[in-house]
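In what follows, a single structure is set out as structure tokens and then discussed.
Just so it is clear, none of the values below were taken in a lab; they were calculated from the coordinates. Since the model is a prediction, treat every value here as computed from it, not as a measurement.
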Amino acid sequence: MSELEILYKCDSPYIITFFSAFFVENRISICTEFMDGGSLDVYKRVPEHVLGRIAVAVVEGLTYLWSLKILHRDVKPSNMLVNTRGQVKLCDFGVSTQLVNSIAKTYVGTNAYMAPERISGEQYGIHADVWSVGISFMELALGMFPYPQVSYLPLQLLQCIVDEVSRRLMCFCI
């Protein structure tokens, strides 16, 4: 399922609104609503009461996608948009997929936000999006990435997520 198909199909106040699409020089351009607050990756530490409102919108948006059997697969702060009316909406469905029997197995998305089972090449489903939401919310709450991404080479980061980070992040949950 393409990003265009997903945007056309979706009708939720928590998903970026699709207006039209057109071709220019053999490239497709997609017109969506303008979110004048930009993406959440540019904001530093988000206060808890604001993060709560963001969480509600993101979870509602994902729940809507999941009801259509769509897995986002690239949940991260840069794919969460805000506007000055206080709305939060999900965007960027370029690597989203239609779930078949609630399972997916391809390796796409942003590595740093991937669930351990995705990195390990195992089957995954909705819970992989939930992991990405958790990492995203931790980043927004802490004002920084929840594990030392900059000190790792890409393969070391992936190994850290699979082996070490899962155990360390559990400490936050207990």
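Miscellaneous remarks
- Entry note, segment 3-147: relative contact order of 26 percent, from Cα contacts under 8 Å with a spacing of 6+ residues.
- Linear extension gain, S12 paired with L51, 0.36 nm per residue minus alpha-carbon span: 12.0 nm
- Rg/Rg_ref, segment 3-147, where Rg_ref = 2.2 N^0.38 Å and atoms are Cα: 1.04
- Cα-based Lys proximity count in segment 3-147, under 20 Å, for pairs eight or more positions apart or on separate chains: 8
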